[in-house]
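Heads up, the thing below is written out as structure tokens.
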Amino acid sequence: MQRGMMTRRPTGRVARAAVTVLALASRAAFTVLALAYSAGAVACASTSAGGAVPAASLSARDQLTIRQHTYVYAVAASSRTVFALTQNGVITYDRVFSRWHTPDARIADDLQFAGLESGMAVTMAADPIEDAVWIGVPGAVILYRVAASQVQRITVAGVPEVITFARGNASDAYVRASGRWVRVSRAGFVLPVTESVADLGLRPSPRLEDVYRQHPSLRGQLAFVLRDASAPSRALPTVRALSGTLSPDRPSEAWIGTAGDGLWLVDANFLSATPLSYGVLDDDIGALTRGFDGVWSAGQGTAPRSGLTFIQSDADMFVWRPSGPGMPLDGVRVLAMDMQAQDVWMATDRGVWRMPMNNQSGAVQWGAVHGLPDDLVLAVVARMDGAWVGTRRGLAFVPLGDTADHVSARGEVHRAGFDGQSVRAMTVVDTQLVLATGTGLHARSLRPGNANTTGQMLFAEHGRALRMVSALASDGRNLLVVTDSMAYVTRGNAWPAAGTDVRAAGAVVAAALDERSVWVAGSRGVIALTRDGGAPRVLRVGRELPAEATALVLDGAFAWVGTRQGLVRVRRARDGGLP
């Protein structure tokens, strides 16, 4: 008899007690240092001198990383929860409330710490008694209890091949590892099975082949059943099933995991299916824009499936608008996005795209062949009558079509000056369009046309510094200007006396501004500064952020940061900054 090794790190009361002890110890150490160096020899380097910026103090509830979960390799269903094992971990769907559980950073860390790496799991089975799942990995079985937010690792010899339960005794799991059966208790005890396995009355967890066996009609028609109702124009068959399981309480209900299309709920009696999208379509985030109660995300064309993803603020609902005949975005890099009414405008390396949210097949694209100064579009500002488009070789205005539905019509492009200049960033302040070019900052009327093409040069006396503008943002009245090293907040024609050093963010790629705070994102992290003069905080790449930042959006209680390895949602403090 051997005892399963418990490798989970302290949580719950033990974790809180440990944190309290550490906090008291840290506070005492800080007091000693402060007394020893009362003259100020020890101090945090000033941000104005380009020194260190304090890191944010984020808890697991403050931060959420959303990855790509389109490939579902294993599915298990209990009476309350559906568990799906994807290329980026385990996700859980609440059957009672028909929504996804908000992922917990602590659980993801614990699962990885217990041995659940990408592609390492070999089998999975839902627990018949409690809301939990058993996952087999080489050398161990991982028990994940959803309600208790608990991860337990139990060591077994060999590689688990099958996890099942006995009909008369469901309190223990029976695991076949490397050809031998062992009995695993919930307390972590592992016992060899000495009796005949045939006499145990084991109930094998249903798999995709069991779904086909119980519902023969699905074997030849499942690829046609798995269609997203919002994309009827998709060529068929397009969906390949990787895994599946049956519901324990509804014989006609099956849960199907696919290769690239996520998880589906299938009604075998009516041959109907419902997609249960989770995560982003592309981990490599290219651009973000605010939507109603959430954000829209687009990738940089590196994923097997391109398209748009809507993420609700609570992260319990996701909407996919995948690439298809109506929106061929495969391989297209989305560099900036903006939304107006029901239209999402995308600045890409292949022109500018407008995608109506109420008609996925009606996406329209404009490029150099349609009148744009260049195919490489760097910035876009959406308006009710069209969009301002900043390209590598000038500015243009793209109006909506003249048809009544404005869906598929392609309006005539109006050149708006700055020929040969790269329009790197744009925003709207009051009634003016402010744009950054290689010659500095410019403001011009929002009305399209060729008149007044260059507009007014802003802050001409600072022209040398403002030729290096990396990002612009606005809260409607104030303008945020970010260069390669400094951030300035201006109002009207008054240039601020001093700016804030943002070199800790690295090479700046995006910025955001609202009435409470200023955020700057770059290759080394994200800096948050409150408007009331509070101390800045930073999210660092490799610690709070999985990779370099690529996009940034402020949306009420949250800040959304796009990175090269997923979308990060950060809960903001009351002052609008980081905790």
How do the peptides 346-352, 187-193 rank, highest first, by the average count of neighbouring beta carbon atoms within 10 Å per residue? 346-352, 187-193
Please report, in whole Å, how far the alpha carbons of the stretch 291-396 spread along each principal axis, starting with the longest. 41, 31, 21
I'd like the FRET efficiency for R574 and V193, computed as 1/(1 + (r/R0)^6) with the beta carbon distance as r and R0 of 60 Å, rounded to 0.05. 0.55
Using alpha carbon centers only, the stretch 59-134 is separated from the stretch 383-399 by a whole-angstrom value of 43
Starting from the Cα-Cα distance between V159 and R180, subtract it from 0.36 nm times their residue separation and give me the gain in nm to one decimal. 6.6 nm
Using a probe of 1.4 angstrom, how much of the accessible area of the stretch 170-322 is carbon and sulfur, in percent? 53
Can you give the accessible area of S243 in Å² (nearest 10), computed on protein heavy atoms with a 1.4 Å probe? 10
So, with points 7 Å from each Cα along the Cβ direction, the R106-R145 label distance in nm works out to 1.4
How high is the FRET efficiency from D385 to F97, r the C-beta distance, R0 41 Å, rounded to 0.05? 0.50
Can you pull out the GluC sites (Glu not before Pro) in the stretch 497-565 that DSSP calls coil and that have at most 13 other Cβ atoms within 10 Å? E515
So how much slack lies between F292 and S217, counting 0.36 nm per residue of separation and subtracting their Cα-Cα distance, in nm? 23.0 nm
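Express the accessible area of the stretch 439-579 per residue in Å², computed with a 1.4 Å probe while the remaining protein chains stay in the model. Each step should come with its number before you reach the end.
Working: 5910 Å² over 141 residues.
With all protein chains present, the stretch 439-579 gives 42 Å² per residue.
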Per 5 Å bin, what percent of the C-alpha pairs of the stretch 514-579 does each bin hold, from zero upward? 4, 21, 33, 24, 14, 4, 0
Taking the solvent-accessible surface of protein heavy atoms with a 1.4 Å probe, what is the per residue accessible area of the stretch 138-200 in Å²? 43
In nm, what is the difference between 0.36 nm times the number of residues separating A170 and R447 and their Cα-Cα distance? 92.6 nm
Compare T530, T102, T431 by solvent-accessible area with a 1.4 Å probe and give them largest first, with all protein chains kept in place. T431, T102, T530
When the accessible area of the stretch 87-152 is computed with all protein chains present and a 1.4 Å probe, what percentage of it is carbon and sulfur? 49
Ordering I154, I129 from largest to smallest accessible area (1.4 angstrom probe), what's the sequence? I129, I154
Run the simple label-point estimate for F113 and A497 please: 7 Å along Cα→C-beta, distance reported in nm. 5.0
Go through W134, W495 and list them by solvent-accessible area, largest first, probe radius 1.4 Å. W495, W134
Label-point gap, in nm, between A368 and S272 - each point 7 angstrom along Cα→Cβ: 5.0
Computed FRET value (nearest 0.05) for R250 with D484, which takes r as the C-beta separation and R₀ as 60 Å: 0.55
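The values are calculated or read from the model by the stated rules, or taken from the named source; none is laboratory data. Quick caveat: nothing in here was measured; it's all calculated off a predicted structure. So basically every Cβ, Gly included, is an ideal-geometry build from the backbone, and we count neighbours across all protein chains shown. Note: accessible area is taken over every heavy atom of the protein model, side chains too, but ligands, DNA and RNA are not part of it. Shrake-Rupley method; radii C 1.70, N 1.55, O 1.52, S 1.80 Å.
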